[in-house]
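Below is one structure, written out as structure tokens; the observations come after it.
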């Protein structure tokens, strides 16, 4: 294909390749996303950009032409959309269902385009594409004007912190290149953009299909005096200067220790600049040191800036490893274990407030629990709705608590240090993307009070090793009966014990909780904390709770020192427990009078590897208790 | 204020990805095909861990029909940089009667490339493998994540990919899963060549034009790289100045006639060319979704 285009100077390539290469080595990079509704012509626009920038070769073009005739929607003309709709299944459906990244280059810039789907159920993909974009092109079909989805996409673009917005009013060829139509749409959009906080945008009338105002000003729109889409994309300022002017921050990815004489901290600089001799502080520990060298394969640097991957060496042997952040000493970021964040739920399985999720921010990986959301944001009306949990594609605002302090910046200040993902601890799926709004000051103000008498002292005084014997099993499985028996026998052995019983705790500490999944999680979290405090006091704690979810039992295990949590699975089959029905609860559940009953209409996740397994079919409670005590001996 | 060029930004991103994997995986490996993309990947790996050497071995899937020059280059590179090389090969190919002349391309690539690769990954217990795939190569690749998960059978499920936001990669694996990581996903062919030129990266001489014995077959120019090349009746090798844009098994990889003996001329040809680099590969032909099918099977 030899179409003359403003993208590449074929003459220069042919005549003086070295000059061409020199010119192209100094190009900058712009990442942008295109978003629009199903039929706004996104894929066509991207196909057009690739076509015009000569990123399509003859063999691909031949395939495209034959594909166009077979699957295309443009009759005999080339259907550019087919060029970018990748996966075979979606090609047949004629819609894009995932994020695809495309590349093209002009004389001034290299571009990476995220093609993100426009239809209803895929907020998640659009958020993904937007997270790395510097600029967003929002497409509107000139025949239809603003749609619900235009509002949603604009809101998401704004939420994800994209500062450069282009409003591309597409399919101008189908509205006769009418200026009034265009101006109406722009005015509508301006009013909406202002209402959600988009401060400015650039509007361009285009036709992706015909090529108007894509690379050069179109003769069809003499009333439009602004830049073509490409001209605008080539010249828009990326925020590099601002990023470099910000205070220095670098998350440590990996400690480079090839031999005893070298210890370097490898990472990509998230903001600011650094020079040898600069004073730095390790966050969250607060230790300070001085940068001695900026090491790279290409030699030591005098200065490194945001975006570069480097290795720093420090003057002092400070404790610093993956997950720590190296910051300028005088202006470090905050570190907190509580913050408020806006987050997008991306998983089929809904958010469970109170449950522990992995939270990854920069190179930090911690466990985070989420409070019930303050509200959910309806992406269509932008109203705040009351919400107990969040489902797929829902956006909410909630308070987060992490198991140790993490260093961060509000997302509005730094995307790299304010954006995080949540990972389900069992499926390992990425379930949410979050943006930190601000730190909750109480975490900064509530400090651990060091106590003179340690937990070891308490244990020694009682002449025993603390344990939490965690009984789990169905209602009526015999947990309380066996736990009681174990406590009696331990008591006879002069052990200091305490039994926390599910029903009893619900009369007091947890009387505000019901039986929804969310409340059940909170129930176990509180019991876990109480059990931990009692173990700190040196006691052997027995707990008898259904505790149906693996994740919460795992959470309690994580609260205690290794070896102190003993999971005891009272493995009585459902039929047996239901046949006994000591409290008459199964009958009520079966008749529908009792909702969310474990084993009936609420799941029980059996332990995979309990420390001890007993049942009440083959053993009497006394035998089960003896078996348990044999397993946990010795106790000091 | 320092303005980073697009190549500097790509380089920094790739280095970041290498380090994330090494920090989070237990037993990573780098797939090393000895081609230009692999050479760039190796160069980036050396940069990422400097002054330490790359903290993982490199794995070459040798089909037995590799270009001689490629093997020489591989062994020299491994020696020079002190790398640990693992070679994966199908030892029984000859006994099974598999060769690039008689075996269909699908079965051939399965038996000689995909299966040995999967076996080597499983046998060595590698939980993360760096690959040189680029999103600009092919439509199916454009949608692949940088961290791409494979189940225990090394299959890719394009429907259940994890979203990748910002520069946060979720490297948590379930039992039996492994990750294919593509550190140069965002590079284009032009970026690769520019970077090779700029960084003076040593690449296999097959990329440069030289008089080579060739035969023309099925619209492709094949180089008679050794005496095992089976000539059809009436075929006679002709010496032509040719080079390769992509390197696979020599009886399946088409050469292009060229005078480009220097890097800048290669780039010049690439920019002025009218066909994509994968056109030289017999394996990609067939229906247009075939790359996606192969990826689902575990082809890199």
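Only the coordinates and a few stated rules stand behind these numbers; no lab work does. Here the structure is a predicted model, which is why all the values come from computation and not from measurement. Every residue, glycine as well, gets a Cβ built from its backbone with ideal geometry; the counts of neighbours run over all protein chains shown.
Computed from the Cα positions only, the extents of the stretch A:242-328 along the three principal axes stand at 38, 31, 21 Å, in decreasing order. Fewest neighbouring Cβ atoms within 10 Å first, the residues A:346, A:555, A:633 line up as A:633, A:555, A:346. Each of residue A:633 and residue A:285 was given a label point 7 Å from its Cα along the Cα-to-Cβ line. The distance between the two points is 4.5 nm.
Once the Cβ-Cβ distance of residue A:16 and residue B:68 is raised to the sixth power relative to R0 = 41 Å, the FRET efficiency obtained is 0.70. Would you please state which residues of the stretch B:227-260 a label at residue B:76 would reach in this model, taking the label point 7 Å out along Cα→Cβ and a backbone N cut-off of under 20 Å? Residues B:242-248, B:250, B:260 qualify, since their backbone N sits under 20 Å from the label point. Annotation for the stretch A:219-275 versus the stretch B:64-126: alpha-carbon center distance of 40 Å. Would you mind telling me the antiparallel percentage of the DSSP bridges in the protein assembly as shown, rounded to 5? Percentage antiparallel, nearest 5: 65. Computing FRET efficiency as 1/(1 + (r/R0)^6) for residue B:257 and residue A:461, where r is the C-beta to C-beta distance and R0 is 56 Å, gives about 0.05. In degrees from 0 to 90, rounded to the nearest 10, what is the angle of the helix A:58-71 Cα long axis to the longest principal axis of chain A? So the helix axis and the longest Cα principal axis differ by about 70 degrees.
Note on residue A:297 and residue A:340: the extension gain reaches 11.5 nm, defined as 0.36 nm multiplied by sequence separation minus the Cα-Cα distance. Neighbour counting of Cβ atoms within 10 Å sorts the residues B:122, A:477, fewest neighbours leading, into B:122, A:477.
When the P(r) is computed for the stretch A:496-563, the part past 20 Å accounts for 24% of the Cα-Cα pairs.
With no solvent and one equal point scatterer per Cα, compute the Debye intensity ratio I(q)/I(0) for the stretch A:455-632 at 0.13, 0.17, 0.18 Å⁻¹ and report its log10, rounded to two decimals. Reported log10 I(q)/I(0), two decimals: -0.63, -1.08, -1.20.
Were the residues from residue A:180 through residue A:623 laid out at 0.36 nm apart, the gain over their Cα-Cα distance would be 150.8 nm. Look at the stretch A:124-136: the mean tally of other chain Cβ atoms within 10 Å of its residues' Cβ atoms is 2. For the pair residue A:533 and residue A:413 in one chain, pulling the backbone fully straight at 0.36 nm per residue adds 39.3 nm over the alpha carbon distance. Tilt of helix A:621-632 relative to the longest C-alpha principal axis of chain A, in degrees (0 to 90, nearest 10)? That helix lies at roughly 70 degrees to the long axis. What do you get for Rg/Rh over the protein assembly as shown if you use C-alpha atoms and the Kirkwood form of Rh? A ratio of 1.01.
Looking only at other chains, what is the average number of their beta-carbon atoms within 10 angstrom of each beta-carbon in A:456-469?
Details: counts 0, 0, 0, 0, 0, 0, 0, 0, 0, 0, 0, 0, 0, 0.
That works out to 0 on average.
If R0 is taken as 35 Å, the Cβ-Cβ distance between residue A:608 and residue A:492 corresponds to a FRET efficiency of 0.60. For the stretch B:42-179, dividing the convex hull volume of the Cα atoms by the residue count gives 155 Å³ per residue. Averaged over peptide B:187-197, the number of partner chain Cβ atoms lying within 10 Å of each residue's Cβ comes to 3. Here the alpha carbons of chain B define both size measures, Rg and Dmax, at 19.0, 66 Å.
Listed peptides A:153-166, B:73-86 appear in the order A:153-166, B:73-86 once ranked by packing, highest mean of other Cβ atoms within 10 Å at the front.
If you take all C-alpha pairs in the stretch A:335-445, what percent of them are over 24 Å apart?
Values: 1036 of 6105 pairs.
Every Cα pair in the stretch A:335-445 considered, those over 24 Å come to 17 percent.
Let me know the whole percent of all Cα-Cα pairs from the stretch B:137-246 that are separated by more than 20 Å. Roughly 62 percent, once rounded to a whole number. Judged by the mean number of other Cβ atoms found within 10 Å, the most tightly packed of the peptides B:47-53, A:537-543, B:59-65 leads the ranking A:537-543, B:59-65, B:47-53. Within the listed set B:227, B:94, B:235, the residue fluctuating most in the Gaussian network model of chain B (springs between alpha-carbon atoms under 10 angstrom) is B:227. Over the stretch A:197-306, all Cα pairs binned in 5 Å intervals from 0 give whole-percent P(r) values of 2, 9, 13, 16, 10, 7, 6, 8, 9, 8, 6, 4, 1, 0, listed from short to long. Label separation (residue B:151 vs residue A:438): 4.8 nm, computed from points 7 Å beyond Cα along the C-beta direction. Seen against the Cα atoms of chain B and their longest principal axis, helix B:36-49 is set at about 30 degrees.
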